Amino acid sequence: MVGFALSNLGALLVTSGALAEARSVLERSLEMAKLHCDRRMDSASRIYLSIAHRLEGRSDEASRLVRGVVDQTEGAPPLQTYALAALAQALLAGGDMSGALEAALRARDLLVRLGNIDDGESMVRVTLAEVLLATGDADGARQAIRDARTRLLAQAENITRPAWRESFLERVPVHTRTMALAKEWIGPRERFTP
């Protein structure tokens with residue numbers, strides 16, 4: 001339980017931008033995962049750690065770290081989907097457009113097959129849009145952004161407290177990025193109707 005708590009804390013620290021502290025916490029989580037032979041905790045912590053490396057400008061280290069996760073999560077499609085999105089982001093940051101596109105499309109295909117995933121779904125969707133933009137596929141990117149926004153707004157509709165709903169849309173960095181891309185590439189937010 002402590003290892004999972006550390007992994008989740010590391011993820012929150014990455015999201016909040018406390019990257020050095022996140023790396024320290026995630027390294028401790030990885031030690032516990034190794035001690036307990038827990039591949040799920042190991043994989044999740046490595047995904048978060050790769051995101052921290054990418055955000056710190058170390059895209060090579062991020063892609064190296066998360067490639068291992070893609071391989072070790074072959075039998076765990078939700079984690080592999082998230083790992084592929086993290087790999088696509090790392091490759092995009094490192095300038096490997098074809099590798100980023102391949103990873104983003106694989107992540108999208110797995111997500112479509114699964115329907116949804118608990119952790120990383122919004123990242124899968126916005127990463128695909130960003131990779132398509134970077135590779136010059138404006139029409140594909142527009143559709144990916146539209147899909148990402150639609151899914152995000154559908155999730156937000158399930159949050160009954162208005163302040164929490166706004167926080168969900170405006171304070172989670174990947175959601176903020178999704179809405180900013182939608183505003184830029186699609187236009188003003190349309191009222192979502194289920």
Next item on the list: Using R₀ = 30 Å, calculate the FRET efficiency as 1/(1 + (r/R₀)^6) where r is the Cβ-Cβ separation of Glu157 and Asp71; round to 0.05.
Entry: 0.20
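Would you kindly calculate the translational diffusion coefficient of segment 66-110, applying Stokes-Einstein with the Kirkwood radius from alpha carbon pairs, for 4 °C and a viscosity of 1.567 mPa s, and quote it in µm² s⁻¹ without decimals?
Working: Rh = 10.0 Å.
After rounding, the answer is 130 µm²/s.
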Notebook entry, point to check: Ala138 to Trp185: extension gain in nm, 0.36 nm per residue of separation minus the Cα-Cα distance?
Noted result: 16.0 nm
Margin query: If you average the alpha carbon positions of segment 78-139 and of segment 1-74, how far apart do those two centres end up, in angstrom?
Written below: 18
Margin query: What does the extension gain come out to for Ser167 and Ala5, with contour length at 0.36 nm per residue minus their alpha carbon separation?
Written below: 56.0 nm
Notebook entry, point to check: How much FRET efficiency would the formula 1/(1 + (r/R0)^6) give for Glu56 and Leu35, where r is the Cβ-Cβ distance and R0 is 35 Å, rounded to 0.05?
Noted result: 0.85
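Quick check on the chain: helices-only [θ] at 222 nm, where DSSP H runs of length 4 and up contribute -39,500 (n - 2.57) each and the sum goes over total residues. Nearest 500, please. All intermediate terms of the calculation are to be shown ahead of the outcome.
Details: 10 runs with 154 residues, N = 194.
That comes out to -26000 deg cm²/dmol.
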Note to self: Could you work out what % of the accessible surface of the chain is carbon and sulfur, using a 1.4 angstrom probe and leaving DNA, RNA and ligands out of the count?
What the structure shows: 52
Item checked: For the chain: accessible area per residue (Å², 1.4 Å) -> 53
Note to self: Quick check: convex hull over the Cα atoms of segment 15-96, volume per residue in Å³, rounded to an integer?
What the structure shows: 79
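What is segment 62-151 by shape, rounded, prolate or oblate, if you read a ≥ b ≥ c off the alpha carbon gyration tensor as root eigenvalues and call it rounded for a/c under 1.5, prolate for a/b larger than b/c, and oblate otherwise?
Oblate.
Rounded to the nearest 0.05, what FRET efficiency do Arg146 and Arg113 have when you use their Cβ-Cβ distance and R0 = 22 Å?
Plugging the Cβ-Cβ distance into 1/(1 + (r/R0)^6) gives 0.60.
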Item checked: Area projected by the alpha carbon convex hull of segment 99-174, averaged over all directions, nm² -> 5.2
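The values are calculated or read from the model by the stated rules, or taken from the named source; none is laboratory data. Note that the structure is predicted; figures quoted are calculated from it, not measured. Cβ: placed from backbone, ideal geometry, glycine included. Neighbour counts: every protein chain shown. Remember, those area values only see protein heavy atoms, side chains included, never the ligands or the DNA or RNA. Shrake-Rupley method; radii C 1.70, N 1.55, O 1.52, S 1.80 Å.
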